[in-house]
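Everything on this sheet refers to the single structure shown next.
We did not get these values from a lab; they are worked out from the coordinates using the rules stated. Computed from a prediction, not measured in an experiment: that's the story for all the values here. Don't worry about glycine lacking a Cβ; one is built from the backbone with ideal geometry, like all the others, and counts go over all protein chains shown.
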């Protein structure tokens, strides 16, 4: 008999036993059911549904009912006296009743895997056990996961059959496929197979069957030693989601519970190992339960507890900016080393929804060599993951996921997979109840011990994670995968716009505050607010947790997030204002009377941009402003604000402005038919659609739109394809926050807009477009500024649309179709622009996306949106969705955001799109003062870096304290270069450090600057010690 035939017989018997335990079919009703848990309730009219089953929590209470009965004998095995358990997961507020008595209830997540739900202690044949699940209406994930009940007598038989099947599978591999397999081993295996009494198995004569099994195992004895040279690393962990379907206090309770249980299991089982990620979990214990943290410290010192926390949380990597990624490493690694005295070599991201191409470099810089993840792989479980710069980490993409149960298959399957693929005699299996925590159980440990001693299986070694990686890295034939590992759950880039906007505003605010506070320390001698900035970063990093930032948590999660992130915005606003005031006092603002305006540039290159002041900043509104070079600039009052354009504000420097009665010129023209132009750009807004139907680059003498080159009667009628709004209707589908459903119809919003010119310059001309869409209102304002190559589209969206289990959900998108031939699509990822196939898929991007052909391009900038697409010559930006679970009503009400059009000559690199996007996100900072002398001269750059492909992404005080600053340089365009850095203050030492600010070496420098070579896509951090 072949192995395939033998395996089929064993699986069939297992299936027959499992069929008697089946819990796949339940009667279901959604709505109000008085006394719904009553055992004798007549539910015969309820439809039967099959597990796993999903429903919308917003649509009402959900009821599931089923009666369990087991025959006296199942395949000859008695059920009398058996213990019956019911493993299930219901991630929503729910309660379960057994024979009318409540046996378990949870406010957010009902999970009976770690603590078994016993529905009968001693089963009597013929006994009926009525089970009712009541899931309450409201936020949460309407999902019922259950497969079978567990009848103890049947489970023991299944376990033993599975042990045998895996013994035969593994020894068959050794005999027939492994490098050492030979005739003797194959003969032993075949003899063992012949010894099995399959007729006894078929006839349920279990004593005879198990007797034949023992004889068969004796025949396999020649393979016993070799089997144990293979090792399955069984790694226990607790996957604890931060505030997913529950609040922070419940998260803290889960951490305390799981850490306490892990400690108790180590006391009971000295060989038990446990691995735990996320610095936030340890910080929670430090803050709320320090006694628990002390126990963890002891276990770490003993070697039983492995700390795998390299980042503050398991954050979404696609929507964090590069500096946020750095701060996860910068704030986590010193914290973990201070608390535990360890430096983890593993980055643990099991549930993260994608992995950016620049991450390997950052990890390697801080000594992280290994990467563990489960989603968005490319078909290889073990491989070298190579970043854009060539850095590599050894990555394991777990095909079995992160929430396993220890059984025979868990030991053999991972080993067989890696051995067949790569010749590796190791396997990795993660076990432990997760999401709402749970961790490894005593049952897992007991089974691991049994399986470890069981012959003809690999070692079942309770292990830490690093032992597997250290053994695996010696394998010589592992594949290399280069670039990003994306995507999954594409709806997450848009759902819950509020948390996306908080994230962007906090990132922008923190970076601006850091740069100005650093200048305040250097130039004004003021203290750097390190503690406040560190705490603000930590708060933001916590909210990068993938289920939070991705918009797939419950409503209360986002209320808590707002209550914690608003103070961050307030803190960075105060820091920025304070630093600006301190700097302004050091600026030479000239002589004479009257108010002066000092404008600071928080970015490290010269720029021209809009400045907004209070209308009464100078008392009476002046006719113009004079800059420090004597140039007259136009001003414009808009509401309560006074606008002007600050030209050529130097890198991390300032310009000074004073009121004037001199006339000032402007290149702006606003025509009655909603046509705006300056010296660089011209465009027309269609009167019915509100989209741009004509657009030209006057400086380059190029038509940007696709229709203007048609003339006369042949000209196609078109309502505009630049900023064309569309409603896409998603069919109802589970996991609506995560996934974009099938699109049932698309509605182009080409009629019904109200279009009018509302501002005519001289600083800004504006066309306002207002429309009603279903129950919502959209107001967009196209702003064109004098002398600027950028069209800002300021948007106010009052959204009141809903999806649901029975209705299609509207999604609002904006399309941009410039006239290009064969463009390449590029999207900003952390610290890079990444070219992707323009196939129409929803993909993540940070502050910009671009389409460029050989000589021209079109960039789309944004200040808080992440879901993008590109198809052929069309860019897309998803503005809002109407998800309905787990938050029943996300994205309701008023939202304000902006995006901008930046058409340009050449590709995005030639146009420095990455800099224009940073400018759009980090405005110039203005402060009012009087005329006074000072050592800082307006127009003086404080820090510069050339050439333009090297971008300064951060300037901050070093973590080592006052007296040293950090300057981070990033090569953005993928080409080796010689960077020339210049500074305007005395420096006594220049060191290269890693992103965690650990010393790598000293660099030569001269007075006022240094030069260093950067490889393509390299991130280099310099520490400048002040003289």
**Prompt:** Against the longest alpha carbon principal axis of the chain, how many degrees, from 0 to 90 and to the nearest 10, is the axis of helix 3-20 turned?
**Reply:** 90
**Fill in**
In whole angstrom, largest first, the equivalent ellipsoid semi-axes that the Cα gyration tensor gives for region 943-1026 are 20, 14, 11
**Request:** Report relative contact order for region 1-92 in percent, whole number only (criteria: Cα-Cα under 8 Å, sequence separation at least 6).
**Result:** 31
**Asked** What order do you get for 565-575, 5-15 when each peptide is scored by the mean count of other beta carbon atoms within 10 Å, highest first?
**Response** 565-575, 5-15
**Message:** At 0.692 mPa s and 37 °C, plugging the Kirkwood radius over alpha-carbon pairs of region 911-962 into Stokes-Einstein gives what diffusion coefficient in µm²/s?
**Reply:** 225
**Message:** At 7 Å along Cα-to-Cβ for each site, give me the label-to-label distance between residue 775 and residue 616 in nm.
**Reply:** 4.2
**Request:** Go ahead and collect, in residue order, the members of region 935-967 whose backbone nitrogen is under 20 Å from a label point 7 Å along the Cα-Cβ direction of residue 1007.
**Result:** 935-937, 940-944
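From largest to smallest, what semi-axes in whole angstrom does region 469-609 give when each is the square root of 5 times an eigenvalue of its alpha carbon gyration tensor? If you can, show how the numbers build up before the last one.
On the way: eigenvalues 310, 99, 48 Å².
The three semi-axes for region 469-609 are 39, 22, 16 Å.
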**Complete:** Residue separation between residue 758 and residue 743 times 0.36 nm, minus their alpha-carbon distance, gives in nm 1.8 nm
**Complete:** Compactness check, region 22-148: C-alpha Rg relative to the 2.2 N^0.38 Å globular estimate gives 1.05
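Could you put 722, 89, 499 in order, starting from the residue whose Cβ has the fewest other Cβ atoms within 10 Å?
With the fewest neighbours first, 722, 89, 499 line up as 89, 499, 722.
Using mean Cβ contacts within 10 Å as the protection proxy, how do 914-920, 102-108, 540-546, 677-683 order, highest first? Show your work: numbers first, answer last.
Numbers: 914-920: 23.0, 102-108: 16.0, 540-546: 25.3, 677-683: 19.7.
Most protected by this proxy first, the peptides run 540-546, 914-920, 677-683, 102-108.
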**Request:** Tell me what the chain gives for mean residue ellipticity at 222 nm when only DSSP H runs of n ≥ 4 count, each as -39,500 (n - 2.57), the sum divided by the residue total, rounded to 500 deg cm²/dmol.
**Result:** -8500 deg cm²/dmol
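Can you sort 506, 492, 909 from fewest to most other Cβ atoms within 10 Å of each residue's own Cβ? Each step should come with its number before you reach the end.
Details: 506 23, 492 32, 909 19.
Fewest-to-most Cβ neighbours within 10 Å comes out as 909, 506, 492.
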**Cα centroid of region 272-293 to Cα centroid of region 299-322, whole Å** = 11
**Request:** Take the alpha-carbon centre of region 991-1007, take the same for region 711-785, and report the distance between them in whole Å.
**Result:** 50
**Message:** If you wrap a convex hull around the alpha carbons of region 155-227, what volume per residue comes out, as a whole number of Å³?
**Reply:** 80
**Asked** Does region 231-488 come out rounded, prolate or oblate, given a ≥ b ≥ c as the square roots of the eigenvalues of its C-alpha gyration tensor, rounded meaning a/c under 1.5 and, failing that, prolate meaning a/b above b/c?
**Response** oblate
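Tell me, what is a quarter of the convex hull surface for the C-alpha atoms of region 170-317, in nm² with one decimal? Could you put the intermediate results ahead of the total?
On the way: hull surface 58.1 nm².
So the mean shadow area of the Cα hull is 14.5 nm².
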**Asked** Roughly what angle does helix 248-268 make with the longest principal axis of the chain, taking Cα atoms, 0 to 90 degrees, to the nearest 10?
**Response** 40
**Prompt:** Taking the Cα atoms of region 414-535 alone, what are Rg (to one decimal) and Dmax (as a whole number) in Å?
**Reply:** 24.5, 74
**Asked** Using the alpha-carbon centroid of each, what span in Å lies between region 592-653 and region 1-57?
**Response** 70
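Can you give the relative contact order of the chain as a percent, counting alpha carbon pairs under 8 Å and 6+ residues apart?
So the answer I get is 10 percent.
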**Request:** Quick one: grab the alpha carbon gyration tensor of region 929-987, order the square roots of its eigenvalues as a ≥ b ≥ c, and give me rounded if a/c is under 1.5, else prolate or oblate depending on whether a/b is larger than b/c.
**Result:** oblate
